[in-house]
Amino acid sequence: MIRPTTFTEKLLFTTVRIAAIHRSGRVAVGTGFHFNAKVDDSRTLPLIITNKHVIRGAVRGRFQLHEAKCSGTQFRPSGRFFTVEIEDFEQRWIGHPNPSIDLCAMPFQPLRVQVEEDGKAIFNISFDESLILSDQKLEELSAVEDVLMAGYPIGLWDEKNNLPLIRRGITASHPALNFCSRPEFVIDAACFPGSSGSPVLLANFGSYYTRDGSLVVGTRLALLGVLYAGPRMTVEGKIVVKPIPTAVEPVSEARVMIHLGYVIKAREILTLAQYIVQQARNRGQL
């Protein structure tokens, strides 16, 4: 197993492949990712974030988590991973306080404690709010920026190493603007079933251009948002917007994906994280 040092190598360890099992036996596949919600200057609350529609109606869920290899205070992936099954799956998630925002999160610490009681340690890499740009910083971006997305399109992943696939695209609408008055923007990237819940990242390596055309030598990285939906075109030419499907099954040719994805802005991740932290405070758990 690789020892993640570069940003893209670390990105491989930020996601989890979610298998949401329904009462009928149908299995929906989506993407989740690790995020540390800030509690105070010294504490964080670890979460897994995905879309509400990924886990909706699921009675059981399944993750495959990396086992950590510990050397003193250093943790790295051991190359081994294990499966965790969770009952009452949908009930474990906390939805965004705005019902119209397709985001939810599961507190990860109880799962970590459960795994540690079984004598294992989990290796993962989490995003946090330091990677989320302020509105002012978003306005400094151009309408077209390079983005990366990690996830499990049509359920595919590196089964041998339990790693997601990374895809590249560009922003198709300006990430500082609310597309059609919603807190989201559009990317030009191939978005398929299983990609729901994928983190979308601004990714400039080595150099990038500013809005005024100046060349900056350096790397620029940010968590821009979460993929949740995409437009498809019917055979009659009508454009419809649908959540990215979770069922890994053949897609009718009557509706054709047009390689665009709708991304919920990262500030809504913060809203959800702060909501969960406040709930935990109110229950005396922090």
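If amide H atoms are built 1.01 Å from N in the plane of the peptide, which residues on other chains or at least 5 residues away come under 5 Å of the amide H of A190?
Correct list: empty.
Give K10/K160; K38/K160; K10/K69; K10/K38 a once-over and call out the pairs whose C-alpha atoms are over 24 Å from each other.
From K10/K160; K38/K160; K10/K69; K10/K38, over 24 Å: K38/K160.
Based on DSSP, what percent of beta bridges with both residues in segment 7-129 are antiparallel, to the nearest 5?
95
Where nothing but the Cβ of Lys and Arg (+1) and of Asp and Glu (-1) is charged, how large is the charge dipole of the chain around its Cα centre, in debye to the nearest 20?
400
Using a simple spin-label model with points 7 Å from Cα along the Cα→Cβ vector, what separation in nm is obtained for L270 and I125?
So the two model labels end up 2.3 nm from each other.
Please say if segment 1-93 is rounded, prolate or oblate, where rounded means a/c under 1.5 for a ≥ b ≥ c the square roots of the C-alpha gyration tensor eigenvalues, and otherwise the choice is prolate for a/b larger than b/c and oblate otherwise?
Cα axes put segment 1-93 in the prolate bin.
Rank by packing, highest mean first: peptides 164-176, 85-97, 260-272, with packing defined as the count of other Cβ atoms within 10 Å averaged across residues.
Details: 164-176: 18.8, 85-97: 15.9, 260-272: 23.2.
Ranked from most to least packed, the peptides come out as 260-272, 164-176, 85-97.
Per 0.36 nm of contour for each residue apart, how much would the distance between S181 and E139 grow if the chain were fully extended, relative to their Cα-Cα spacing?
13.5 nm
Starting from the Cα gyration tensor of segment 169-240, take the square roots of the eigenvalues, sort them a ≥ b ≥ c, and report rounded, prolate or oblate (rounded when a/c is under 1.5, otherwise prolate if a/b is larger than b/c, else oblate).
Judged from the Cα gyration tensor, segment 169-240 comes out prolate (a/c at least 1.5, a/b above b/c).
Can you tell me how the chain classifies by the Cα gyration tensor, rounded, prolate or oblate, using a/c under 1.5 as the rounded cut? Display every interim value, and only then the final one.
Working: a/c = 1.42, a/b = 1.15, b/c = 1.23.
Judged from the Cα gyration tensor, the chain comes out rounded (a/c under 1.5).
Give me the aspartates and glutamates in straight-line cross-link reach of K137: C-alpha distance below 19 Å, same-chain residues under 8 apart excluded.
Counting by Cα, and skipping residues close in sequence, K137 has these aspartates and glutamates nearby: D128, E129, E145, D146, E184, D212, E268.
Defining a contact as two alpha carbons under 8 Å apart and six or more residues distant in sequence, what relative contact order in percent does the chain show?
Rounded, it is 19 percent for the chain.
For a quick protection proxy, order the peptides 12-24, 115-127 by their average other-Cβ count within 10 Å, most packed first.
For the peptides 12-24, 115-127, the packing ranking is 12-24, 115-127.
Normalising by the residue count of segment 7-129, find the relative contact order in percent from Cα pairs under 8 Å and 6+ residues apart. Could the numbers behind the result be given before it?
Details: 238 pairs, mean separation 35.6, N = 123.
After rounding, I find 29 percent.
Pull up all non-local amide H partners of F127: gap of 5 or more, or a different chain, and H-to-H distance under 5 Å with H placed in the peptide plane.
H34, F35, N36
Suppose a student asked you for the relative contact order of segment 90-238, using Cα pairs under 8 Å spaced at least 6 residues apart; what percent would you report?
Reported as a whole number, the value is 19 percent.
Since every read-out is calculated from the coordinates, none of them should be taken as a lab result. Computed from a predicted structure; not experimentally measured. All Cβ positions, even for glycine, are placed from backbone atoms using ideal geometry, and neighbour counts span all protein chains on display.
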